[in-house]
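Below: one structure, written as structure tokens.
Every number here is computed from the coordinates shown, using simple stated rules; none is lab data. Computed from a predicted model, the values in this text were never measured in an experiment. Glycine also receives a Cβ, built like all others from the backbone with ideal geometry; neighbour counts cover every protein chain displayed.
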């Protein structure tokens with residue numbers, strides 16, 4: 001039984017500002033997509049396929065790639081889009097994380113029929129969402145081009161769809177841009193308060209994600225520290241045992257001990273690299289939490305201002321500024337969660353990779369060299 005479609009309550013509009021070459025590339029993509037839809041209709045009719053996507057793919061994919069310049073990913077999405085394409089009120093193409101990538105706060109890259117292009121954009125407000133599977137659409141609207149990103153509330157983690165470059169900071173920054181005064185004023189056919197409330201829910205979801213990521217990184221930090229202590233203790237203990245074996249004339253035992261010593265040192269090198277990577281992760285997550293905390297406070301303040309302005313407009317009289325207790329309480333809650341963030345070790349470091357890099361010859365030579373030095377030191381004492 002197929003999974004039910006998730007409905008996007010609203011879509012955040014990005015108005016594109018391509019140069020002449022970009023305009024040509026996007027227009028060519030729309031033209032080729034229309035050719036693909038005509039081909040699909042003809043192939044489905046001639047082969048009596050109906051809505052069977054597997055059969056349609058088998059009959060149509062190669063033909064479409066030969067007749068159009070569309071990226072392969074857009075062809076695949078188009079096969080599923082055929083039934084919805086004709087009914088759409090505006091010409092639009094489905095997009096996913098392979099076709100559109102947000103690079104900066106003002107620039108994205110887009111896969112087109114003429115190759116991948118970089119396109120500047122402006123946030124233009126909100127429009128009502130849709131019930132389709134694609135996370136975004138490229139839309140031709142009044143002679144211009146826009147990308148609409150669906151905003152879907154309360155998805156389980158395993159069902160959430162995100163663009164590749166949507167780090168927590170990019171994601172929250174996009175939401176804050178979408179609920180700025182100018183963007184909200186441009187919102188079409190949408191309850192402005194509901195739009196801001198939805199953005200706040202999205203920011204709170206990003207906050208939970210950042211907390212979970214930080215908890216995992218902290219847990220890994222504790223585990224790496226504990227494992228490093230175990231290895232260092234074993235190395236110290238092993239050194240004493242090797243000297244005892246040499247004093248007793250047991251070169252075989254000393255050789256085994258030295259081999260184990262090399263293993264432990266290799267594991268310590270791997271742990272050192274993992275520890276540095278984990279520290280970088282902790283720093284990034286702390287930065288993300290600080291940004292989310294600030295964004296949440298700003299969004300709550302924006303919501304309070306919007307409610308106050310709408311109440312004033314409805315009552316026809318001035319209304320006092322709404323208190324910001326809600327934003328302050330949320331900021332305090334975020335701080336408390338950060339302060340008590342801990343974790344149980346659950347990670348795994350493949351320390352064997354460091355050992356595998358040691359060649360057998362180098363290993364044997366190192367063991368023999370160490371054994372000779374230790375025996376010389378022992379005889380000299």
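Summary of computed values
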read-out	value
Gyration tensor (alpha-carbon) shape descriptor, segment 233-287, a/c threshold 1.5	prolate
Three-way shape call for segment 196-302 based on the alpha-carbon gyration tensor, with the a/c threshold at 1.5	prolate
Residues 10, 222, 126 arranged by fewest to most Cβ contacts within 10 Å	222, 10, 126
Sequence of 30, 145 once ranked by neighbouring C-beta atoms within 10 Å, starting from the fewest	30, 145
Sorted by Cβ density within 10 Å, fewest first, the residues 146, 269	269, 146
Length gained when the stretch residue 277-residue 372 is fully extended (0.36 nm per residue, less Cα-Cα span)	30.5 nm
